[in-house]
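Enquirer: Pasting a structure below so you can have a look.
Every read-out reported here was derived from the displayed coordinates using simple, explicitly stated rules and does not represent laboratory data. Source: prediction; values computed, not measured. Here the Cβ positions follow ideal geometry from the backbone for every residue, glycine too, while neighbour counts run over all protein chains shown.
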Amino acid sequence: KQEVTQIPAALSVPEGENLVLNCSFTDSAIYNLQWFRQDPGKGLTSLLLIQSSQREQTSGRLNASLDKSSGRSTLYIAASQPGDSATYLCAVVNQAGTALIFGKGTTLSVSS
Amino acid sequence: GAVVSQHPSRVICKSGTSVKIECRSLDFQATTMFWYRQFPKKSLMLMATSNEGSKATYEQGVEKDKFLINHASLTLSTLTVTSAHPEDSSFYICSASSQGGRETQYFGPGTRLLVL
């Protein structure tokens, strides 16, 4: 059974810092991996989607990498801003499925 | 971009009543819609997958008679929580996909259900 783990559970940084969020998954037979952002009491916003054949994706200050063989992904946020404060969720779709399997998220707080 | 709406955003009901939550894709045809449940500080848990015109596929442990899902059109899916109890209180989120779900899913803003 696929399990997704995110470390750390919470992270507080001062504005301007570069930071890395980690995601690991137990079954490497994935179709894709996605990173989402969730603001308190809100739905999810898709940030980056990495296909299983890809190594990384970039969007603005965000860069996500994927090492499928080791079951790991990282989300790199450059020059963090207070507006980046949110919960970041990692999710995978298995090769044999269609459903997103989520981690518990990392709650990021960026102070000004 | 693709927009998914949910209604209501918040609902409070008495124990034993039924509550209907709507999920709409506003600018695309959603062949597949997903319903998730999220407890505080927990990850989203998939409840069921519904394809337009077909019966929903429920995840293990989800009572199909309690959580009724209807996906009657390409833009609307509904989740009805029947005979709600306090333990059903949660945050319910839907997502929609035009590609069966394996590619990008677009998420609704969620519905906060509180059962008294």
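Enquirer: How large are Rg and Dmax for the stretch A:1-87 when calculated on the C-alpha trace, in angstrom?
Expert: Final numbers for Rg and Dmax: 13.1, 39 Å.
Enquirer: By how many nm would the segment from B:GLU63 to B:LEU114 lengthen if fully extended, with 0.36 nm per residue of separation less the alpha-carbon distance? Intermediate values should be presented prior to the final figure.
Expert: Values: separation 51, 0.36 × 51 = 18.36 nm, distance 1.88 nm.
Length difference between fully extended and current span is 16.5 nm.
Enquirer: What percent do you get for the relative contact order of chain A when only Cα pairs under 8 Å and 6+ apart count?
Expert: On the way: 292 pairs, mean separation 41.7, N = 112.
Dividing the mean separation by the residue count of chain A yields 37 percent.
Enquirer: While we're looking at this one, here's another question. Can you list the residues, at least 5 places off or on another chain, whose amide H is less than 5 Å from the amide H of A:LEU48, using H built in the peptide plane?
Expert: A:TRP35
Enquirer: Same structure again: For the pairs A:LYS1/A:LYS68; A:LYS42/A:LYS68; A:LYS1/B:LYS20; A:LYS1/B:LYS14, flag any whose C-alpha to C-alpha distance is greater than 28 Å.
Expert: Details: A:LYS1/A:LYS68 16 Å; A:LYS42/A:LYS68 30 Å; A:LYS1/B:LYS20 32 Å; A:LYS1/B:LYS14 37 Å.
Where the Cα-Cα span goes over 28 Å, the pairs concerned are A:LYS42/A:LYS68; A:LYS1/B:LYS20; A:LYS1/B:LYS14.
Enquirer: What percent of all Cα-Cα pairs in the stretch B:16-59 falls into each 10 Å bin, going from 0 up to the bin containing the maximum distance?
Expert: Histogramming the stretch B:16-59 at 10 Å steps yields 22, 45, 30, 3 percent.
Enquirer: Would you kindly derive the ³J(HN,Hα) couplings of the stretch A:36-48 from the backbone phi angles with the Karplus curve 6.51 cos²θ - 1.76 cosθ + 1.60 (θ = phi - 60°), listing them in order in whole Hz, with x for Gly and Pro?
Expert: The phi angles translate into 10, 10, 10, 8, x, x, 10, x, 9, 10, 6, 9, 8 Hz.
Enquirer: Something else: Determine the equivalent ellipsoid of the protein assembly as shown by diagonalising the alpha-carbon gyration tensor, then write out the semi-axes as square roots of 5 times the eigenvalues, largest first, rounded to whole Å.
Expert: Working: eigenvalues 176, 83, 50 Å².
With the √(5λ) rule applied to the protein assembly as shown, the semi-axes are 30, 20, 16 Å.
Enquirer: Within the stretch A:78-102, list the residues whose amide N lies under 18 Å from a label point set 7 Å along Cα→Cβ of A:GLU17.
Expert: What the label zone holds, given the 18 Å backbone N cut-off, is A:78-88.
Enquirer: Further question on the same structure: What's the extension gain from B:GLU103 to B:SER73 if we count 0.36 nm per residue and subtract their Cα-Cα distance? Walk me through the numbers before you get to the answer.
Expert: On the way: separation 30, 0.36 × 30 = 10.80 nm, distance 2.05 nm.
So the extension gain works out to 8.8 nm.
Enquirer: May I ask you to sort B:SER25, B:SER43, A:SER80, A:SER69 by Cβ crowding, counting other Cβ atoms within 10 Å and putting the fewest first?
Expert: On the way: B:SER25 25, B:SER43 18, A:SER80 21, A:SER69 7.
Lowest count first: A:SER69, B:SER43, A:SER80, B:SER25.
Enquirer: In nm, to one decimal, how far is the B:ILE12 label point from the A:THR45 one, both placed 7 Å along Cα→Cβ?
Expert: A separation of 3.0 nm, rounded to one decimal place.
Enquirer: Translational D (Stokes-Einstein, µm²/s) of the stretch B:70-116 at 25 °C and 0.890 mPa s when Rh comes from the Kirkwood sum over C-alpha pairs? Can you show the working numbers first?
Expert: On the way: Rh = 12.4 Å.
Answer from the Stokes-Einstein relation: 198 µm²/s.
Enquirer: Would you mind ranking A:LYS1, A:LYS42, B:LYS66 so that the residue whose beta carbon has the fewest other beta carbons within 10 Å leads the list? Don't jump to the answer; show the numbers that get you there.
Expert: Values: A:LYS1 6, A:LYS42 17, B:LYS66 14.
In increasing order of surrounding Cβ atoms, one gets A:LYS1, B:LYS66, A:LYS42.
Enquirer: Additional query: If each residue's Cβ is checked for other Cβ atoms within 10 Å, how do A:VAL4, A:VAL110, B:VAL62, A:VAL92 rank with the fewest at the top? Don't skip to the answer; put the middle values down first.
Expert: Working: A:VAL4 24, A:VAL110 20, B:VAL62 17, A:VAL92 31.
Lowest to highest Cβ neighbour count: B:VAL62, A:VAL110, A:VAL4, A:VAL92.
Enquirer: I've got another one for you. Kirkwood hydrodynamic radius, chain B, all distinct C-alpha pairs: what's the number in Å? Display every interim value, and only then the final one.
Expert: Numbers: mean 1/r = 0.0716 Å⁻¹.
Result for chain B stands at 14.0 Å.
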